[in-house]
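J.: Questions regarding the structure given below will be posed in turn.
Please treat every number below as a calculation from the coordinates, not as lab data. Remember, predicted model here, so these are calculated numbers, not experimental data. All Cβ positions, glycine included, derive from the backbone under ideal geometry; neighbour counts span all protein chains shown.
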Amino acid sequence: MTEHVRAVQPEPDMVQLLTPEGERVERADYPLDITDEQIGQLYRDLVLVRRIDSEAVALQRQGELGLWASLLGQEAAQVGAGRALRSHDMCFPTYREHGVAWCRQVDPLTLLGLFRGTSVGGFDPYTHNFNMYTVIIGAQTLHAAGYAMGVVRDGAVGTGDPDRDTAVLAFFGDGASSQGDVNESFVWAAAENLPIVYVCQNNQWAISAPVATQSRVPLYQRSAGFGFPGLRIDGNDVLASLAVTRRALDDARSGQGPTLIEAFTYRMGPHTSSDDPTRYRLGSDVETWKLRDPIARVRAYLSRSAGFDAEFFAAIDEESEQLAVHVRAGCRALPDPSPESLFDHVFVELPEDLRRQRAEFADFVASVAS
Amino acid sequence: MTGLSAVPDGLTTMAKALNAGLRRTLEEDPKVVIMGEDVGKLGGVFRITDGLQKDFGEARVFDTPLAEAGIIGTAVGLAIRGYRPVCEIQFDGFVFPGFDQIVNQVGRMHNRSAGAVKLPITIRIPYGGGIGAIEHHSESPEAYFTHSPGLKVVTCATPSDAYWMIRQAVADDDPVIFFEPKRRYWSKGEVAAQPGPLYRARTVRPGRDLTVLAYGPMVGVALEVAEVAADEGRDLEVIDLRSLAPLDTDAVIESVRRTGHLVIVHEAQRTNGLGAEIAARVQEAAFYSLEAPLLRVTGYDTPYPPSRLEEEWLPNVDRILDAVDRSLAY
Ligand SMILES: Cc1ncc(C[n+]2csc(CCOP(=O)(O)OP(=O)(O)O)c2C)c(N)n1
């Protein structure tokens, strides 16, 4: 496929502030005001998020979850973006943003309910300003644009008041970039100069389809045709993700409109627990990307350049063990929904004909039980 | 709030009644916004939103880019943010690019959020044929929506219902698909001083011999049928269904228990149309009252025809009278 493609531009520039070897890179266009302690906190996020993920993978194998979509390899893109948000910003995830959910203080068990089959989402997006997971590819990007339209109408953009000005962060994947909804969202964002930041995690694969199936041009260049800026970051670099998302969110809040960030990363695991990637990709690619691991580079930086000692890392490992216990035990204890709940929340108030169906269902359940 | 506009007085067209109803919702609730293709300066291709942008400003009544998934999807986001969007779909045949957002998002997000998110979205769709239009401008897609959980679907047949039902639909905290029978936009009637309940059918002509159930554009035709039948000494009862989801079959069941005969009329194609569900419910509830099979008079299971053929395709007085004869002769 790719051989038909004529090159239209050189390989893109990619913002990187921490090399895979753990060297800090300073960039005048993306200065990052951050202490080593704060980098240590990002390290903690990355480790804990990976631990939630690996625990969920194990729970799926043990039959406790019906499915799991692992974020392995994408921790930095997500934690950087998640930590760039202010609490009153709104966030619209796909189904893989466990790392962002963590930064929004969503209990991992809430996410597990969806994959265990005890709920279809089941949480209040307003509590964490984090919308429910969206399975329909790309749909959430339009919800994000609409939410941003509301923000504009509320006069919560460009006032200069940091507690008032609000941005919206929308996630989608490289596969999703082909969806009409995503492209329509770009149209709206541009036409209305919306306070929205798109983070496209280009993990190179949409199930078995490589990114070349979706695009002849680097994905970040898509935004240019719509009339707003786009750029590529090293998606395995939490500092680049934080700095670039922070700046884009600032721009959005101050009324400068949308930005597309392409986080160039790699899906280290299968698409979901149901997938077998050996059917369509080379193990050697995975090996190459292991050398760009998002966590190893932060650890290298902290221990080599910031003087963090073994005690620091041991404490985080200990915390991660406790978190795993919480996830494991909590998942097994998630209650099955009651049969009567089937009819809950179909409407704000259950209409008469559905009440009759519910009664019919309850009668039947009772008759079988007796 | 001062200066709430009054209920329209005297004879009013359905188009004007809808306009007045929408105006009232904008006056009553600052969170109501009206959005769609050409709804601003132009007032919509049918002028239903005429003058509203001028009076309420571009933040509340606005033209969107030309993309139906985008219109519905951004309405979802606006609703999450606390707004009460009213979307106009320009014509029935153009709702399908937005169908995924309606079925998978609008109808389910309240459920997905375990009740935390409300989506008080009204989606207005001019529908049905009889206006001599080109392809995709005469469709009756209501059954796709009534088949989908989490959506309410209503349709008006008179200016009075148009006025009150649009106000009630916009005030509802659940999403409502509001079908407007475009061929009735210019028909006139008085607007009642008070509304009836939104999700209830209404008996618009009492009768003893046979029940005709219709909705939207077909209610007027059914009433004509009843007039003609009356001349032949047959006393037909006509019921306007009004609420397609939730489906209110109480009135029709009660009626069929008395008349023993039912003819169901809709423009939409027959197979798996609303008529099928109504017939199923009526036979379940009134089996021993039935004196004849339940009959349907509908569009045929073909694409909507070129306009020179639409009078043949649409249910009309003669086709309905034929069904009435067959039912009573059974
Ligand atoms: C509308 C729609 N079509 C197809 C699918 C099935 N599906 C689920 S994930 C996926 C691939 C998505 O790839 P991408 O957007 O790159 O995100 P990633 O899974 O790699 O994070 C597909 C085809 C879906 N969920 N929704």
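J.: Please compute the net charge surrounding residue B:7, taking Lys and Arg as +1 and Asp and Glu as -1 over other residues with Cβ under 15 Å from its Cβ.
T.: Details: positive: B:16, B:23, B:24, B:167; negative: B:9, B:27, B:28, B:161, B:190.
Residues close to residue B:7 contribute a combined charge of -1.
J.: Helix-derived [θ] at 222 nm for chain B: sum -39500 (n - 2.57) over DSSP H runs of at least 4, divide by residue count, nearest 500?
T.: Working: 11 runs with 109 residues, N = 330.
Rounded to the nearest 500, it is -9500 deg cm²/dmol.
J.: If each residue's Cβ is checked for other Cβ atoms within 10 Å, how do A:54, A:341 rank with the fewest at the top?
T.: Values: A:54 16, A:341 11.
Ranking A:54, A:341 by Cβ neighbours within 10 Å, fewest first, gives A:341, A:54.
J.: Starting from the Cα coordinates of the stretch B:202-328, work out the convex hull volume and express it per residue in Å³.
T.: On the way: hull volume 12.2 nm³, N = 127.
That works out to 96 Å³ per residue.
J.: Using a Gaussian network model of chain B whose springs link C-alpha atoms within less than 10 Å, name the residue from B:318, B:240, B:63 with the highest mean-square fluctuation.
T.: The residue with the greatest mean-square fluctuation here is B:318.
J.: Within the stretch B:251-281, name every residue whose backbone N is under 16 Å away from a label modeled 7 Å from Cα of residue A:368 along the Cβ vector.
T.: Label zone hits: none.
J.: Please give the Cα centre distance for the stretch B:1-62 versus the stretch A:212-229, rounded to the nearest Å.
T.: First find each Cα centre; the distance between them is then 39 Å.
J.: Now a separate question. Residue farthest toward the positive end of the dipole of the protein assembly as shown, with Cβ of Lys/Arg at +1 and Asp/Glu at -1: which of A:225, B:132, A:110?
T.: Farthest towards the positive end: A:225.
J.: Right, something else. Using θ = phi - 60° and the Karplus form 6.51 cos²θ - 1.76 cosθ + 1.60, what ³J(HN,Hα) does each residue of the stretch B:120-126 get, whole Hz, x for Gly and Pro?
T.: Each residue of the stretch B:120-126 in turn: x, 9, 10, 10, 8, 9, x Hz.
J.: Given contacts defined as C-alpha pairs under 8 Å and at least six residues apart, what's the relative contact order of the stretch B:11-190, whole-number percent? Working shown, then result.
T.: On the way: 379 pairs, mean separation 48.1, N = 180.
Relative contact order of the stretch B:11-190: 27 percent.
J.: Projected onto the charge dipole of the stretch B:11-190 (+1 at Lys/Arg Cβ, -1 at Asp/Glu Cβ, origin at the Cα centre), which of B:91, B:162, B:149 gives the Cα projection farthest towards the positive end?
T.: Farthest along the dipole direction, towards plus: B:162.
J.: Hey, another quick one. Given H placed 1.01 Å from N in the peptide plane, which residues other than close sequence neighbours of residue B:204 have an amide H under 5 Å from its amide H?
T.: Hits under the 5 Å cutoff: B:238, B:239, B:240.
J.: In a shell of Cβ-Cβ distance under 10 Å around residue B:266, excluding residue B:266 itself, what net charge do Lys and Arg (+1) and Asp and Glu (-1) give? Could the numbers behind the result be given before it?
T.: Details: positive: B:270, B:296; negative: B:142, B:267.
Around residue B:266, the surrounding residues sum to 0.
J.: Over all pairs of distinct alpha carbons, what does the Kirkwood formula give as the hydrodynamic radius of the protein assembly as shown, in Å? Write down the numbers at each step before the final one.
T.: Working: mean 1/r = 0.0360 Å⁻¹.
About 27.8 Å for the protein assembly as shown.
J.: Share of antiparallel DSSP beta bridges in the protein assembly as shown, in percent to the nearest 5?
T.: Antiparallel bridges: around 15 percent, rounded to the nearest 5.
J.: Using a Gaussian network for chain A with springs between C-alpha atoms less than 10 Å apart, which of these wobbles most: A:352, A:311, A:75?
T.: Per the Cα network of chain A with a 10 Å cutoff, A:352 tops the list.
J.: Excluding residue B:63 itself, what net charge comes from residues whose Cβ is under 9 Å from its Cβ, given Lys and Arg +1 and Asp and Glu -1? Numbers along the way, then the final one.
T.: Details: positive: B:41; negative: B:37, B:38, B:58.
Net local charge, residue B:63 excluded: -2.
J.: Please compare each pair in B:31/B:182; B:41/B:182; B:54/B:152; B:152/B:182 to a cut-off of 24 Å on the Cα-Cα distance and tell me which ones are over it.
T.: On the way: B:31/B:182 27 Å; B:41/B:182 21 Å; B:54/B:152 30 Å; B:152/B:182 20 Å.
Violating the 24 Å Cα-Cα cut-off are B:31/B:182; B:54/B:152.
J.: Could you run the Karplus curve 6.51 cos²θ - 1.76 cosθ + 1.60 with θ = phi - 60° over the stretch A:355-369 and give me ³J(HN,Hα) per residue in whole Hz, x for Gly and Pro?
T.: 4, 5, 5, 5, 5, 4, 4, 5, 4, 5, 4, 5, 5, 6, 5
J.: Still on this structure: Averaged across the residues of B:33-40, what count of C-beta atoms belonging to other chains lies within 10 Å of each residue's C-beta?
T.: Numbers: counts 3, 0, 2, 0, 0, 0, 0, 0.
Average per residue, whole number: 1.
J.: Under the rule of at least 5 residues apart or a separate chain, name every residue whose amide H is placed under 5 Å from the amide H of residue B:90.
T.: Answer set, sorted by chain and number: B:37.
J.: Here's another thing I want to ask about it. Considering only A:263, A:291, A:243, whose Cα is most displaced toward the positive end of the charge dipole of the stretch A:233-299, charges sitting on Cβ of Lys, Arg (+1) and Asp, Glu (-1)?
T.: A:243
J.: Which cross-chain or sequence-distant (5 or more) residues have an amide H under 5 Å from the amide H of residue A:170, H modelled 1.01 Å from N in plane?
T.: A:92, A:197, A:198, A:199
J.: Express the relative contact order of the stretch A:36-337 as a whole percentage, based on alpha carbon pairs under 8 Å and six or more residues apart in sequence. Don't jump to the answer; show the numbers that get you there.
T.: Working: 563 pairs, mean separation 75.2, N = 302.
Result for the stretch A:36-337 is 25 percent.
J.: So what is Rg over Rh here for chain A, counting just Cα atoms and using Kirkwood for Rh? List each step's numbers first, then the result.
T.: Numbers: Rg = 21.7 Å, Rh = 21.8 Å.
Ratio of gyration radius to Kirkwood radius for chain A: 0.99.
J.: Would you work out the charge dipole size for the stretch B:202-328 about its Cα centre, treating the Cβ of every Lys and Arg as +1 and the Cβ of every Asp and Glu as -1, and quote it to the nearest 20 debye? It would help to have the intermediate numbers written out before the result.
T.: Details: 13 positive and 22 negative charges, 65 e Å.
Here the stretch B:202-328 has a charge dipole of around 320 debye.
J.: Right, another one. Which residue fluctuates most in the GNM of chain A (Cα springs below 10 Å): A:355, A:83, A:153?
T.: A:355
J.: Shifting gears a bit: Test of understanding: ordering B:309, A:334, B:295 by Cβ neighbours within 10 Å, fewest first, what list do you get? Present the calculation step by step, with values, prior to reporting the outcome.
T.: Details: B:309 11, A:334 17, B:295 20.
Ascending Cβ contact count within 10 Å gives the list B:309, A:334, B:295.
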